[in-house]
Every structure is written in C-alpha cells, then in structure tokens.
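Heads up: the structure comes next, in structure tokens.
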Amino acid sequence: MPATLRDFTTDHRWMSINTATVRRQRGQDWGLLDILDACAARGIRAVAPWRDQVAAAGLEAVAQRIRQHGLELSGYCRGGMFSYTDDASRQAVRDDNRRALDEACTLGAPCLVLVVGGLPGALAGKPAHRDIASARAQVAEGIAALLEDARERRMPLAIEPLHPMYAADRACVNTLSQALDLCDQLDPARSGALGVAVDAYHVWWDPQLKSQIARAGRDRLLAFHVCDWLVPTRDLLEDRGMMGDGVIDLRQMRGWVEAAGFEGYAEVEIFSRENWWQRDGGEVLDTCSARYRACV
C-alpha cells in the first residue's frame with residue numbers, strides 16, 4: 001500500500017452509497033428521494049443512483065434533490081447491454097444508452113458505468129446463440145459508437161468487468177485486463193473519455209489484479225466499488241456481504257487503486273436479498289459507515 005493511503009478510519013468523508021444498497025428494504029417504503037434525504041442527514045456526501053430508481057422518482061426531481069443536499073455522484077448505474085440480434089435491437093440499445101448519457105449529464109455524474117451484456121437474450125433466459133466471441137465483438141462496437149456521443153457530452157464511460165459467473169447473461173467482459181484492452185483499442189490516447197470501474201466483488205480473485213490496476217493508472221480508474229464476498233455465498237447475484245463479513249482484503253485493494261492515482265469515492269454497493277435488504281434502511285447506512293471506517 002502507498003505510504004500516503006488516505007485515512008478512512010475517523011470519518012466517512014470519502015464514502016459513496018450506491019443506492020441499490022438500500023433499494024428494497026422490507027416493510028419500508030423508501031424511494032430514491034428518501035434515500036437521498038437519509039444519506040444527507042448522515043453526512044454522506046456522495047451517491048450512485050440506478051436508472052430504474054431515478055425513473056421511478058423522476059429525473060428532474062432527483063436532480064433537484066441532489067442539488068438541494070449538495071450531494072455528489074460517484075457514478076451513474078448503468079449503461080451497456082450492447083449485444084443484439086438484429087438491426088432493430090441494435091438501434092434500441094444505442095438509443096437507450098444515449099438516454100443514459102443524457103441522464104448522467106443532468107445528474108452531474110462523473111461517469112456512466114457500463115455493464116456490457118452477454119449473449120443476446122440470455123438475461124431473459126433465452127440466449128440467441130452460444131457465440132461469446134460475437135457478443136464481445138458487439139460490445140466493442142457498441143462502446144465505440146457510444147464513445148462518440150460521450151465525448152460530445154463530456155461524460156466519461158467506465159467499463160465494469162463482472163465476475164466470470166456472469167459471462168453468459170450480464171457481462172462478457174470479465175477481467176480488468178479485458179476491460180483495459182478495450183480501452184486501449186478504442187481510446188489509445190488515454191483521453192479520459194473511457195476507463196474502468198473496479199468492483200471488489202467482481203475482481204478480487206484475479207491473480208493479475210494488482211498489475212492491471214497499475215496498468216489502468218489515474219486516467220483509466222474512474223470508479224471503485226466495495227462490498228465483500230461471503231463464504232458460503234447463497235445467491236450469486238443477491239448475497240453480497242457487508243465490508244468485513246467476507247474474504248476480500250479491501251484495504252489492500254484500495255491501496256493498489258490509490259497507488260495508481262485514484263483519489264475518488266469508495267462506493268458501497270451491496271445486493272443482499274436475505275440480509276441487508278431485510279433491515280431498516282437507516283441501520284444499513286449506519287453499518288456501511290462503520291464498516292467503511294473499519295475495513296475499507
């Protein structure tokens with residue numbers, strides 16, 4: 001870890017809350033505006049909202065509430081899902097991603113996070129084919145097209161590699177190396193328009209992680225997400241752990257990203273159907289703050 005690793009032990013100044021962390025609390029009718037109010041009340045300075053939550057609350061209402069509380073964003077979730085089966089679906093994907101860019105601009109996000117998609121149709125349980133190389137080619141094509149729109153809007157794109165268990169349905173980019181190869185292919189000048197989101201849950205296992213974070217450097221490291229990997233994991237999508245409850249050395253990983261030049265928020269993103277989504281939202285936010293200080 002760098003000698004200048006930021007001290008997170010005394011406050012949560014550099015913690016952001018990905019709003020999926022408290023998206024569906026049992027017995028608690030918390031919409032996105034309520035989440036923003038609760039974060040502001042606790043001195044949480046930044047959030048990363050999801051598009052469906054923004055749509056439910058209303059884009060302008062969310063933007064106004066963010067300004068009212070003086071909140072910042074650590075990212076906007078999400079664009080991507082680039083694979084397609086025909087010209088009509090390709091155009092639909094491009095149109096939707098342009099809308100995502102415009103929303104990110106309205107909200108003042110520092111980047112649009114991209115979950116790139118897998119085999120077309122697989123997320124709905126009906127993959128159109130088994131050609132993952134073709135899906136990866138469509139992803140590269142889709143990012144290239146979106147990059148032009150992103151540059152016009154001055155909205156950086158952050159490719160988020162997902163754990164290989166999601167290769168078929170959610171993301172056929174599964175390592176930081178793959179994501180950075182795409183960055184080098186599409187933005188060789190390292191202009192700042194294209195980079196990566198490093199999510200501890202998805203990449204902690206990678207034996208090349210430290211070297212690939214160093215390869216990314218300051219201009220490619222656009223977002224850093226934290227939670228924990230539980231042993232055992234009961235559900236591969238919705239059983240992420242609170243920081244400190246699993247096996248990821250989060251402080252070591254933060255040391256690597258900060259050594260590479262990252263100075264942004266550590267964004268807490270926890271999907272937890274059977275545990276943290278069953279609790280009071282305020283309790284979850286308070287626990288995030290405490291564990292962030294202790295473990296991140």
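The numbers here are math on the coordinates, done by the rules we state, and not lab data. Computed from a prediction, not measured in an experiment: that's the story for all the values here. FYI the Cβ positions are ideal-geometry reconstructions off the backbone, even for glycines, and counts take in every protein chain you see.
Summary table
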| read-out | value |
| --- | --- |
| Cα-centred dipole magnitude for segment 101-173, charges only on beta-carbon of K, R (+1) and D, E (-1), debye, nearest 20 | 200 debye |
| Approximate spin-label separation V231-A92, in nm, with each point projected 7 Å along Cα-to-Cβ | 4.3 nm |
| Average projection area in nm² (convex hull over Cα atoms of segment 59-184, one quarter of hull surface) | 8.2 nm² |
| Spherically averaged projected area of segment 163-296 from its Cα convex hull (nm²) | 8.4 nm² |
| Estimated [θ] at 222 nm from DSSP helical runs (n ≥ 4, -39500 (n - 2.57)) normalised by residues in the chain, nearest 500 | -13000 deg cm²/dmol |
| Lys, Arg +1 and Asp, Glu -1 on Cβ, resulting dipole of segment 25-141 about Cα centre, debye, nearest 20 | 280 debye |
| Cα centre as origin, Lys/Arg/Asp/Glu Cβ charges: segment 15-295 dipole, Debye | 280 debye |
| D (Stokes-Einstein, µm²/s), Kirkwood Cα radius, segment 1-93, 1.567 mPa s at 4 °C | 85 µm²/s |
